[in-house]
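Contents: one structure, followed by commentary.
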Amino acid sequence: MTDPIPPPSSQGTSGRRAAVWSGVGLAVALAAGGALYVRSARAPGHAHDEHGPHDGHAHPELPAPKGPRAVKYAASPEVLRHTDRAARFAASGDAKKARESLGEALMLAPKFAPALLVHVCLALQEGHDSEAAEVLERLKAEAPGSPEVALLEALRERRRAPDAGTWQQAFRDAWVELGRPDFRQSELLPGATPLPPDPALVDWEKAAWARATSDDTRLRLALATRKLEPEQALFLLNQVPRLEDPDLYVAVRDALRGEALPESEYERARTVFREKLEALVRAHPRSMQLQLLLLLGDTESGSELTAAEIDALEKVATLPAWRETSFHDGYVRSRELLREVGVPDASAAAMAVSKRVLGERGTWILRTRNVGTRGSLSPEGLKRLGRITRDIGASLVRQPTLVERMAGLQLVRGGTQDMGDDAGRALALNQIEALEQTLKTFNQTALERWPVAALTEELLMEITRDEVTWLEGFVAKAPAGTAKARP
């Protein structure tokens, strides 16, 4: 069956609560910690120099660290469920419900270390220092020598200081001081034990949909939902003609790819999306993203570029901006609307919406069609196509998200190779590898699993402003004089 909206790329969109690293870069990694993160890795055996169908945007999740796993902390399913709820509520800022669930867990299992860890995080978040200290002592008795406890102790000390900075800076400094321990396989942090869907959360999407009174809010709810219902898919399609925000257009297009719509709506969907895209291009003549999507978005992947298309691409490559919208402002607006209808974790839901904004198709199609075109071009024609590709990639590299930065660098790498620019290609490769190393180091924090609401909120705000700069700063080498790792 032909998709009404062709799949934008292999980047895809995954559930808000799965700790997933999707594509190259930005993804919503929302386990019990409830935060946004980005990760990427090169597929085993995948070379940056490869020119072929697999030279695309998607890379698999980084492999789990090898070696023996930490000791498991056993508990009954009921205790695990209450602990998971407490962590989720703590991460999303609902301290009252977090304490209620935590009370249930600790009443049944007073020495259950993962519940005690959530208790410490909640006490720190609320500024209850004496309570945090007391529970930390209990946690140390149940998990002696654990790096998680050491980090919480260091975090507490930093938060007690009169000149305490942000939560994320305190976390970073504590983590660096401890020697950057790897928490990816932590058995203490929330999410260590997979659990079935929580019955208490099953109906929140329907309840929020019923409370929503504006189409703008329902639009975000539909974009954030785990699986579109047929009526929601049709609602999204019906919203397209009124959309004036290019980001929301791209997000809806991403949501309706595949078989979200009934087959009877396919032709209408193609027409509606095409007409709106043409209108958006007229309204945003400086936007390279929209022009590229209009030119290539509905063309067949891997097919040979025509001479007219290459001429048009050359004009697109001279445009001054990749997009004229703010990723950060879009996230803030979505979060505001979702909070108004009582979404239990509005920050997570808003990031699910924002992630769809990155589901554009133009650059992916460009890369596949370059592959299908190279063999038919003269040496000068190949250099010309390389310059075009490099310039489009350079515009993407200037964007604030890691998805766009990495996609841009891949375009620059391919373009400079086609140009015979060995120095430019080497520079792009070095930048790609540096970002991948940054992500590999950052992965070790498992920051999405630490249930501290203030840490989550600060993190999301910073990452949506400039994800790459924040990541690079977070994993930068410790300044001289930083304490060495504890044994």
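The values are calculated or read from the model by the stated rules, or taken from the named source; none is laboratory data. Predicted model only: the values in this text are computed from it and were never measured. A quick note on method: Cβ atoms are made from the backbone with ideal geometry, for glycine too, and the neighbour counts reach across all protein chains shown. Surface areas here come from the heavy atoms of the whole protein model, side chains and all, with no ligands, DNA or RNA. Shrake-Rupley method; radii C 1.70, N 1.55, O 1.52, S 1.80 Å.
Excluding same-chain neighbours fewer than eight residues apart, the lysines reachable from K97 by a Cα-Cα span under 23 Å are K111, K206.
Report note on the peptides 367-374, 245-252, 261-268: ranked by the mean count of other C-beta atoms within 10 Å, highest first, their order is 245-252, 367-374, 261-268. Take S92: with every protein chain present and a 1.4 Å probe, its accessible area is about 40 Å².
If Lys and Arg each add +1 and Asp and Glu each add -1, what is the summed charge of the other residues whose beta carbon sits under 12 Å from the beta carbon of R405? Could you put the intermediate results ahead of the total?
On the way: positive: R398; negative: E404, E436, D466, E467, E472.
Taking every other residue near R405 into account, the sum is -4.
Listed by chain and number, the lysines placed with their C-alpha closer than 25 angstrom to that of K477 are K66, K440; residues fewer than eight positions away on the same chain are left out.
How many times 2.2 N^0.38 Å is the alpha carbon radius of gyration of region 212-359? Present the calculation step by step, with values, prior to reporting the outcome.
Details: Rg = 16.2 Å, N = 148, 2.2 N^0.38 = 14.7 Å.
Relative to the 2.2 N^0.38 Å estimate, region 212-359 comes out at 1.10.
Quick one: net charge around E314, please, counting Lys, Arg +1 and Asp, Glu -1 for every other residue with C-beta under 13 Å from its C-beta.
Cβ neighbours under 13 Å give a net charge of +2.
Computed with every protein chain present, the accessible area of E336 is close to 90 Å² [probe 1.4 Å]. The local environment of E231, defined by Cβ-Cβ distances under 14 Å, has a net charge of -1 under the rule Lys, Arg +1 and Asp, Glu -1. Between region 193-239 and region 364-419, the C-alpha centres lie 37 angstrom from each other. Of the peptides 226-234, 185-193, the order by per-residue mean of other Cβ atoms within 10 Å, starting with the highest, comes out as 185-193, 226-234.
So for region 351-442, what percent of the C-alpha to C-alpha distances run longer than 19 Å?
43
Rounded to two decimals, the Cα-based Rg/Rh of region 131-285, with Kirkwood Rh, is 1.19.
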